[in-house]
2 protein chains.
Amino acid sequence: MSETQETQEPKPEPVARTVVHRRGGIEVDSADERFGLAADFVADVAAALRSDDRARARDLVNELHYADMADLLERLDAEDRRLLVEAIREDFNADVLPELAQEVRDEVMDALGFEDFAAALSELESDDAVYVAGKLDAEERALVLARMPQASRMSIEQGLAHGETSAGRLMQRELVAVPNYWTVGETIDYLRSAQNLPERFFAVFVVDPRHRPQGVAELATVLRSRRPVRMRDIIDPEVENIPVDMDREDVAFLFRQRNIAAAPVVDRSGRLVGQITIDDVVDVIDEEASEDILKMAGVRGAEDTNLYRTIMATAQSRLWWLVINLATAFLASSVIGLFEHSIEKLAALAVLMPICASMGGNAGTQTLATVVRSLATRELNPSNVWRVGWREAAVGLINGILFAALTGLIAYAWFHDPLLSLVIGSAMIVNMIAAGIAGMMIPVVLAKMGADPADSAVVFLTTVTDVVGFFSFLGLATWMLL
Amino acid sequence: MSETQETQEPKPEPVARTVVHRRGGIEVDSADERFGLAADFVADVAAALRSDDRARARDLVNELHYADMADLLERLDAEDRRLLVEAIREDFNADVLPELAQEVRDEVMDALGFEDFAAALSELESDDAVYVAGKLDAEERALVLARMPQASRMSIEQGLAHGETSAGRLMQRELVAVPNYWTVGETIDYLRSAQNLPERFFAVFVVDPRHRPQGVAELATVLRSRRPVRMRDIIDPEVENIPVDMDREDVAFLFRQRNIAAAPVVDRSGRLVGQITIDDVVDVIDEEASEDILKMAGVRGAEDTNLYRTIMATAQSRLWWLVINLATAFLASSVIGLFEHSIEKLAALAVLMPICASMGGNAGTQTLATVVRSLATRELNPSNVWRVGWREAAVGLINGILFAALTGLIAYAWFHDPLLSLVIGSAMIVNMIAAGIAGMMIPVVLAKMGADPADSAVVFLTTVTDVVGFFSFLGLATWMLL
């Protein structure tokens, strides 16, 4: 079963193949093992553009893959970008558009003008067109849609009618569906003669006369079956229908869990309206993971990671999080304020006081990140949440005791006050347990409330660990030392 | 081009399809829109196992998808898990193994015994078998491999010879390759008659007589071409060969950038030795994203997010990070210690001192997360690193001025000391700029040094923001106020 399958034929006549050497194509930078456009190449293009040598610029970028063209556009300065768009306007490849960062796409749209932008948009497959159109302002979108052929416009409008994170927004309407009574032979003949098939597909959907999907036949299965076999006999009925309003995170989970290559999307009446393929799911996983990491760090609404935003826009996008942090920082300060007199009497308290808070914050963040990822991968769920919660508190206790001893020893070496060491050690244990529980509970409660478990979780956590850390340390110190 | 492609035939005879209702199968919990096994179902299985009713347990889990079976095994207690393995030993589905968390898989292996575990392993496709074998201890692995058929054993040993994050480890050896002079018809006939094809494939590889790949034909292209067409005329030569030692992150980048479904893996002499498919890449993207988020939070070596580890193992795995944090916390404390006399004179300094440090830490983490993700998606690269660095410093300056004003006002309202407000405001600006620069530079320098940009980045960052925050605030206060 796990034999290596290779059709090896000991045959002569080696077919010479010309290796296409694409200038500016992907190259391996041996220094850091990264791919991408060569810096030289970007500079060459920019130079050609600035010296107004459009023919040379066109010549340079002629054979670029659309993803590399998108990279190139992102790397150029705004002015060079406009010049490049001008140079390639005639044969602008629409596939570049979905690959661009939002801010760069806006500039490209301005350079192309609504007319040409609309023409490009109507060349895209429906899911890409909906994605790009969904990123436009309402006003711009109206201007662009008005310039599109009716069929494309309606397809985009229908796509945009679905929620932003829904399967309906993710799906593409282009697909191959055949009646269940067709044979494999009829299907293959149809595929060979049909003109307007999707550019790429992984499976054939088998539908009943009401266009409700009955199953999916992956292309490998179709290819391996003999011509007289009925399509309904080779479908995999395990692949479930995806309702248009299913959340895309659930779609991604289903694809991973069931190892699906392509799944049918159905409307409320169960009719096939589109398909989602595994390459769409790759994007979802990537975006959701980016979102988690950025949200945990307090960077919001940043699918595109901000590199092309203006400085003011970036500063502004991070403002709210910092305002909330400032509020919680003052809350922590006010806890310290309660013990101002203790600090006046013993300034060593001020010196040691950040330690418990900081350790609690860090231990809590470890738990938090683990829990956020476990929720994202569905490893953590209602049935094991309490068991895991108890474990995190226990981990906090164990590490708390350990670091209580360590911190106490260091504090003793520094201040030679055994009671002070006892105070900081006790406060450490209290705060590490609090950190474990808070790091566990905060994302779980956020998820229960229907919020994103990563969102603002760190700010809640550090509020808890700062307040508990300062209060337990300064409180115990006031009680035991003064 | 973007028309909706659907073969709609207005035909009669609706084919009734029985909806397979799989007990314990995937269900939508309308409350939180999550999927997974029903808690009831898990309890039912556990009850059957404990009452020694193996027949009922077998009956319950009979129709589970292998991924759900893996979930079930993970959710059961260790004892129930052993009982379930015992109950299903006869028809144990090997596909369950790669889906299990490491700790659970170890227990399943113990329950199965090396003999049955080895048998299961040799049923897996090569990439899954290598993955599972790679997770075993050297000792256990030797015991398992010794019990496998020679072909499977050698295939696994060859796979394990490749670096852990290499394309060679990721690839599967099973693939479909045909000589370049074959026609589409010959290829289809071969696929229909061959016995030991991979379970699933997305493309046919076209090779020269020395078994070097010349291109890839996706199945859709094969299906759409007429029988007399030569395979070499329908290949997509854009798909590059992947060297066995390419890093899997680079593989993932290439797949995303080029929108590839399946790519050939070649050895040093350029011969085709395996394939990587898009579903493998999904796993890589997921794992790398998990790693980034966990590493930033100081959770190490945690592909499996620890939920099934023992409490002691978890506590231990988080220890190092906390030790490093403790060291940096004491470093920050020692900075405060420099100003102990200032604090004795003015305890308000101790109350306000955490604010600058905390704001700097949070602003820096925003930058850090953005940069880590930009490096991961290759948006940030040597050609734009300085531009982005300057932007982050500027963002720090703008937000620094804003929060300087805000913090100064609040401090004035609290302590009625304009000079103290001036001090905290100035320190805020200094630390916000430092945070922007450090948040940017730390991951970039780590990447330059060949380290993971996410690894320990937060600890370096908070060291900078704590030290700069405390020093600038207390230093300015000592100079201006006392």
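Key figures
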{"read-out": "Residue A:67 being of a type in the set (A, V, I, L, M), part of a helix (DSSP H, G or I), closer than 30 Å to residue B:201 by Cα and at pLDDT below 90", "value": "yes"}
{"read-out": "Filter result (touching a strand residue (DSSP E or B) at 6+ places or on another chain (Cβ under 8 Å), within 18 Å of residue B:183 (Cα to Cα) and facing chain A (nearest Cβ under 8 Å)) within segment B:226-258", "value": "B:232, B:237"}
{"read-out": "Qualifying residue in segment B:56-73 (condition: touching a residue at least 60 places away in the same chain (Cβ under 8 Å), assigned by TED's automatic domain parsing to the domain that holds residue B:163 and buried (at least 18 other Cβ atoms within 10 Å of the Cβ))", "value": "no"}
{"read-out": "Matching option when the condition is buried (at least 22 other Cβ atoms within 10 Å of the Cβ), more than 12 Å from chain B (Cβ to nearest Cβ) and in contact (Cβ under 8 Å) with a residue 60 or more places away in the chain, among A:97, A:170", "value": "A:170"}
{"read-out": "Residue tally, condition touching a Leu at 6+ places or on another chain (Cβ under 8 Å) and surrounded by fewer than 24 Cβ atoms within 10 Å (Cβ to Cβ), over segment B:472-482", "value": "3"}
{"read-out": "Among (1) within 12 Å of chain A (Cβ to nearest Cβ); (2) surrounded by 17 or more Cβ atoms within 10 Å (Cβ to Cβ); (3) at pLDDT below 50; (4) in contact with an Asp or Glu (Cβ under 9 Å, 6 or more places away or on another chain), the one test that residue B:7 misses", "value": "(4)"}
{"read-out": "Flag if residue A:199 is in contact with an Asp or Glu (Cβ under 7 Å, 6 or more places away or on another chain) and surrounded by fewer than 16 Cβ atoms within 10 Å (Cβ to Cβ)", "value": "yes"}
{"read-out": "Candidates B:290, B:193, B:269 - the one that is at negative phi, more than 10 Å from chain A (Cβ to nearest Cβ) and free of Cβ contacts under 8 Å to residues at least 60 places away in the same chain", "value": "B:269"}
{"read-out": "Residues within segment A:173-190 that are more than 28 Å from residue A:246 (Cβ to Cβ), in contact with a helix residue (DSSP H, G or I) (Cβ under 8 Å, 6 or more places away or on another chain) and facing another protein chain (nearest Cβ under 8 Å), tallied", "value": "2"}
{"read-out": "Residue in segment B:125-137 that is in contact (Cβ under 8 Å) with a residue 60 or more places away in the chain and in a strand (DSSP E or B) present", "value": "no"}
{"read-out": "Selected residue [part of a helix (DSSP H, G or I), within 23 Å of residue A:321 (Cα to Cα), in the same structural domain as residue A:375 (by TED's automatic domain parsing) and more than 28 Å from the chain's Cα centre (by Cα)] from A:459, A:467", "value": "A:467"}
{"read-out": "Qualifying positions in segment A:307-320 - within 7 Å of chain B (Cβ to nearest Cβ) and touching a residue at least 40 places away in the same chain (Cβ under 8 Å)", "value": "A:307"}
{"read-out": "Flag for residue A:220 being surrounded by 21 or more Cβ atoms within 10 Å (Cβ to Cβ), in contact with a Phe, Trp or Tyr (Cβ under 7 Å, 6 or more places away or on another chain) and hydrophobic (A, V, I, L, M, F, W, C)", "value": "yes"}
{"read-out": "Residue within segment B:97-106 that is outside any helix (DSSP H, G or I) and modelled with pLDDT of 90 or more present", "value": "yes"}
{"read-out": "Residue B:432 vs. criteria touching a Cys at 6+ places or on another chain (Cβ under 7 Å) and either within 11 Å of chain A (Cβ to nearest Cβ) or modelled with pLDDT of 90 or more (or both)", "value": "no"}
{"read-out": "Cβ-Cβ under 9 Å pairs, at least 6 apart or on other chains, segment A:80-94 side at pLDDT below 90, far side of a type in the set (D, E, K, R)", "value": "A:90/A:58; A:91/A:58"}
{"read-out": "Filtered residues of segment A:431-451 (kept if among the aliphatic types (A, V, I, L, M) and either free of Cβ contacts under 8 Å to residues at least 60 places away in the same chain or not assigned by TED's automatic domain parsing to the domain that holds residue A:402 (or both))", "value": "A:433, A:437, A:441, A:445, A:446, A:449, A:451"}
{"read-out": "Residue tally, condition among the aliphatic types (A, V, I, L, M) and at the interface with chain A (Cβ under 9 Å from one of its Cβ atoms), over segment B:325-334", "value": "3"}
{"read-out": "Out of A:220, A:203, sole residue that is more than 7 Å from every other protein chain (Cβ to nearest Cβ) and aliphatic (A, V, I, L, M)", "value": "A:203"}
{"read-out": "Residue ID - nearest to residue A:200 (Cα to Cα), chosen from residues in segment B:260-270 that are surrounded by fewer than 19 Cβ atoms within 10 Å (Cβ to Cβ) and out of contact with any Lys or Arg (no Cβ under 6 Å at 6 or more places or on another chain)", "value": "B:267"}
{"read-out": "Segment A:138-164, residues that are assigned to a loop (DSSP other than H, G, I, E, B) and among the small types (Gly, Ala, Ser)", "value": "A:161, A:163"}
{"read-out": "Residues of segment A:340-353 classified as within 7 Å of another protein chain (Cβ to nearest Cβ) and either among the basic types (Lys, Arg) or free of Cβ contacts under 8 Å to residues at least 12 places away in the same chain (or both), total", "value": "5"}
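The values are calculated or read from the model by the stated rules, or taken from the named source; none is laboratory data. Here the structure is a predicted model, which means the values were calculated and not measured. Ideal geometry is used to build each Cβ from the backbone, glycine not excepted, and the neighbour counts take in all protein chains shown.
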